[in-house]
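Peer 1: Handing you this structure, nothing more for now.
The values are calculated or read from the model by the stated rules, or taken from the named source; none is laboratory data. Here the structure is a predicted model, which means the values were calculated and not measured. In this analysis, Cβ positions are derived from the backbone assuming ideal geometry, glycine residues included, and neighbour counts consider all displayed protein chains. With ligands, DNA and RNA removed, areas are computed over all heavy atoms of the protein, side chains included. Shrake-Rupley method; radii C 1.70, N 1.55, O 1.52, S 1.80 Å.
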Amino acid sequence: MPFYQDFLWGGAISANQVEGAWNIGGKGISVADVAQLRDPAKDYQQQVAVNLQQINEACRDLDDRNYPKRRGIDFYHHYKEDVRLLAGMGFKVFRFSIAWTRLFPTGEEKQPNAAGIKFYQQLISELRKYGIEPLITLSHYEMPLNLALKYNGWADKRVVRYFYHFAKTCFQQFNNVKYWITFNEIDSITRHPFTSAGIIAENSNNLLQDEYQALHYQFLASAEVTRLCHQLITGSQVGCMLTKLTTYSATVKPTDVLAAFNRNTLNYFCSDVQVNGEYPPLILQYFKEHQLKIKMSSTELKVIRENTVDFVSFSYYMSMLAATDTNSLQMTNGNTVIGGKNPYLPTTDWGWTIDPVGLRISLLELFDRYHKPLFIVENGMGAYDKLNDDGTVHDQYRINYFCRHLQEVKKAVDAGVKLIGFTSWAPLDLISASTSQMSKRYGFIYVDLDDQGRGSGKRYKKDSYYWYRDVIKSNGATLSKFGKKEPI
Ligand code: BG6
């Protein structure tokens, strides 16, 4: 049986991982432009942390050699060809983000940069040409570096005003766009505060306090721009976005179950605020226990209460295990986390646990908790791919990954979950958010560039390209032909 008739099939990218052209068309420098190529073997937190010395060095170095996100895959100049390739797969929706610094180079300008507006208007009309619905993320790990240096990012309330101005400009200029997400993986502030919120650890007296303060300001900003979007674009739909870090108890020991419960509860807290419009009691208790004094006025809380989201979007890549005694666990990398390795499940080349049933569990849990339409806006597998001499890439492992995940998605939908759509991460190979590697490939489309930016930049269709095209064409019916094998 296929999916709903109007199910939105597509893919997702972010500006800083694809566009390149970091200093072209009046664009300013963002927090992504100072990220260096990292060694994936190192601890995840080390990979995404950037210190003041590194930022200063990056600002002096105007080359893109050491900073892969500055060059991306040059989507800025290739977007027409890329959109044509996406249309070839029958995309119904395409998720992308607006680089704040392309519109407001330092974040503080009053007038937007016309060249930046023009670029996104052209991209949107190119998508419309093929009947592809845009899904725009306002903030995806790419805030102006200036706001990070001057205000320590979102730890300072003044940034709410700058973001509001940026969002208002987007709603006015791209007013034919229906679907919006305010902050990518909003919960990630506590895992990588610089990338998500421009917080430089050395400039914080109390980092944990600043992280939760920044989160509060992002909740406020998100609520304010949700209201604005509804006012300016009739029929618009605004979603929150969560990194769905599904955690299982490592054993049936009640204390391990409790450890898993605590991790999941902390993971849910952000969407709880954005869906229910209020802070859950357990997180307020957590603030007390950690002596966090988060400034939140009754006016701010009222805005948050009155402007909740229309849908809940999330990324899902992996699951992990929790236990009270973490020494009892073998640890493995995951999406911005390190968690316990599940002995029943395989992992990707980067150590991320492959768990299709975990996606079904996530859908059921989220729908049961919020009763809101859901949108899977990221799911995919980073892998080493080989481009053959004849221009083919045989990526059966990626087909297996998606097929098993989508089969589980279908079961959740059949169980009653209301799901708007599915956007794979990412339809084109791009620069990894965590490691800035190009060799961590996610795409259905191979981009001929290596970690150092060497290569022709040419695009090639992988085997998965044709597979996904058929899935979309049949509205998911071909998934059932994949085999009746139990998912991993
Ligand atoms: C998500 C991010 O957390 O994971 C993306 O929203 C990112 O930006 C994706 O690319 C995969 O992570 P990575 O580190 O493999 O690029």
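Peer 1: What list of whole percents do you get for P(r) of segment 126-277, with Cα-Cα distances grouped in 5 Å bins up to the one holding the largest distance?
Peer 2: Going from the shortest bin to the longest, the percentages are 2, 9, 17, 18, 17, 14, 10, 7, 4, 2, 1, 0.
Peer 1: My understanding is that a pair violates if its Cα-Cα distance is over 32 Å; which of K295/K372; K42/K411; K92/K458 do that in this structure?
Peer 2: Numbers: K295/K372 29 Å; K42/K411 37 Å; K92/K458 24 Å.
Listed pairs above 32 Å: K42/K411.
Peer 1: Can I ask one more? For the chain, give the share of DSSP beta bridges that are antiparallel, in percent and rounded to the nearest 5; count only bridges with both residues there. Before the final figure, lay out the partial values.
Peer 2: Working: 10 of 46 bridges.
Of those bridges, close to 20 percent are antiparallel.
Peer 1: Something else about it: Report P(r) for segment 1-152: all Cα-Cα distances, bin width 5 Å, range 0 to the bin holding the largest distance, values in whole percent.
Peer 2: The distribution over segment 1-152 is 2, 9, 17, 20, 18, 14, 10, 7, 3, 1, 0, 0, given as percents.
Peer 1: Also, quick follow-up: If I take R0 = 51 Å and measure r between the Cβ atoms of V252 and K110 in this structure, what FRET efficiency does the formula 1/(1 + (r/R0)^6) give, to the nearest 0.05?
Peer 2: Numbers: r = 59 Å, r/R0 = 1.17.
After rounding, the FRET efficiency stands at 0.30.
Peer 1: Rounded to the nearest 0.05, what FRET efficiency do L387 and A41 give with R0 = 22 Å and r taken as the Cβ-Cβ distance? Could you check?
Peer 2: Numbers: r = 24 Å, r/R0 = 1.10.
So, using R0 = 22 Å, E works out to roughly 0.35.
Peer 1: I've got another one for you. Evaluate the Debye formula for the chain with equal point scatterers sitting on the alpha carbons, no solvent, and hand back log10 of I(q)/I(0) at q = 0.05, 0.10, 0.12, 0.13 Å⁻¹, in q order, two decimals.
Peer 2: Result of the Debye calculation: -0.16, -0.71, -1.08, -1.31.
Peer 1: Quantify how much of the Cα-Cα distance distribution of segment 275-426 extends past 23 Å, in percent. It would help to have the intermediate numbers written out before the result.
Peer 2: Details: 6229 of 11476 pairs.
Of all Cα-Cα distances in segment 275-426, 54 percent exceed 23 Å.
Peer 1: Based on the Cβ-Cβ distance of I338 and E365, what FRET efficiency does E = 1/(1 + (r/R0)^6) give at R0 = 22 Å, to the nearest 0.05? Intermediate values should be presented prior to the final figure.
Peer 2: On the way: r = 22 Å, r/R0 = 1.01.
Efficiency, from the Cβ-Cβ distance: 0.50.
Peer 1: Also: In whole angstrom, and with the biggest value first, how far do the Cα coordinates of segment 323-412 range along each principal axis?
Peer 2: If we take the Cα atoms of segment 323-412, the spans are 49, 38, 22 Å.
Peer 1: Per 0.36 nm of contour for each residue apart, how much would the distance between Q452 and A49 grow if the chain were fully extended, relative to their Cα-Cα spacing?
Peer 2: Numbers: separation 403, 0.36 × 403 = 145.08 nm, distance 2.06 nm.
Between Q452 and A49, full extension yields 143.0 nm more.
Peer 1: Mind listing the long-range amide H neighbours of L430? Cut-off is under 5 Å, sequence gap 5 or more, other chains count too, H placed in the peptide plane at 1.01 Å from N.
Peer 2: Residues meeting the amide H criterion: Y442, G443.
Peer 1: Now, a different point. Per residue of segment 297-311, in order, report the coupling 6.51 cos²θ - 1.76 cosθ + 1.60 (Karplus, θ = phi - 60°) as ³J(HN,Hα) in whole Hz, putting x for Gly and Pro.
Peer 2: 7, 5, 5, 4, 5, 5, 4, 5, 5, 8, 10, 7, 7, 8, 8
Peer 1: Considering the options T190, F166, A148, tell which one lies farthest towards the positive end of the dipole of the chain, charges being +1 on Lys and Arg and -1 on Asp and Glu at the Cβ, about the Cα centre.
Peer 2: Projecting each Cα onto the dipole axis, the largest value belongs to F166.
Peer 1: A further question on this structure: Binned at 10 Å from 0, what are the whole-percent values of the Cα-Cα distance distribution for segment 224-360, short to long?
Peer 2: Bins of 10 Å from zero give 11, 32, 30, 20, 7, 0 percent of pairs.
Peer 1: Would you kindly find the accessible area of M320, with a 1.4 Å probe and non-protein molecules such as ligands, DNA and RNA excluded, rounding to the nearest 10 Å²?
Peer 2: The accessible area of M320 comes to roughly 10 Å².
Peer 1: How far, in nm, would the chain grow between S125 and Q285 when pulled straight, counting 0.36 nm per residue and subtracting the alpha carbon separation? Don't skip to the end; give the middle numbers.
Peer 2: On the way: separation 160, 0.36 × 160 = 57.60 nm, distance 4.81 nm.
Taking S125 through Q285 to full extension adds about 52.8 nm, to one decimal.
Peer 1: Next question. Could you list which residues have their amide H under 5 Å from that of T347, counting only those 5 or more apart in sequence or on another chain, with H placed in the peptide plane?
Peer 2: So T347 has HN proximity to I354.
Peer 1: Quick one: Karplus J couplings for segment 208-214, per residue in order, coefficients 6.51, -1.76, 1.60, θ = phi - 60°, nearest Hz, x for Gly and Pro?
Peer 2: Each residue's phi maps through the Karplus curve to give 4, 4, 5, 5, 6, 5, 4 Hz.
Peer 1: How large are Rg and Dmax for segment 130-179 when only the alpha carbon atoms are used, in Å?
Peer 2: Taking only Cα atoms of segment 130-179, I get Rg and Dmax of 13.4, 42 Å.
Peer 1: So, one more: Work through the residues other than V34 whose Cβ is under 12 Å from its Cβ and net out their charges, Lys, Arg +1 and Asp, Glu -1. Walk me through the numbers on the way to the answer.
Peer 2: Values: positive: R60, K69, R70; negative: D33, E57, D61, D64, E142.
Counting the neighbours of V34, the net charge comes to -2.
Peer 1: If you take the charge dipole of the chain about its Cα centre, with +1 on Lys and Arg Cβ and -1 on Asp and Glu Cβ, which of T243, S436, S313 is farthest toward its positive end?
Peer 2: Selected residue: S313.
Peer 1: Could you give the dipole magnitude of the chain about its Cα centre, charging the beta-carbon of Lys and Arg +1 and that of Asp and Glu -1, in debye to the nearest 20? Write out the running numbers ahead of the final one.
Peer 2: Details: 55 positive and 50 negative charges, 191 e Å.
Value, rounded to 20: 920 debye.
Peer 1: Using every Cα-Cα pair within segment 414-487, state what percent have a distance larger than 21 Å.
Peer 2: On the way: 1173 of 2701 pairs.
Counting pairs separated by more than 21 Å, the tail of P(r) holds 43 percent.
Peer 1: Once the convex hull of the C-alpha atoms of segment 109-158 is built, how many Å³ does it hold per residue, rounded to a whole number?
Peer 2: Values: hull volume 5.1 nm³, N = 50.
Hull volume over Cα atoms, normalised by residue count, gives 102 Å³.
Peer 1: Per residue of segment 11-18, what does 6.51 cos²θ - 1.76 cosθ + 1.60 with θ = phi - 60° give for ³J(HN,Hα)? Whole Hz please, x for Gly and Pro, Karplus curve as stated.
Peer 2: x, 9, 9, 10, 4, 5, 9, 10
Peer 1: Moving on to the next point. For the pairs K440/K481; K178/K418; K80/K418; K27/K129; K341/K440, note any where the Cα-Cα span goes beyond 23 Å. Walk me through the numbers on the way to the answer.
Peer 2: Working: K440/K481 29 Å; K178/K418 18 Å; K80/K418 33 Å; K27/K129 26 Å; K341/K440 21 Å.
As for pairs spanning more than 23 Å Cα to Cα, those are K440/K481; K80/K418; K27/K129.
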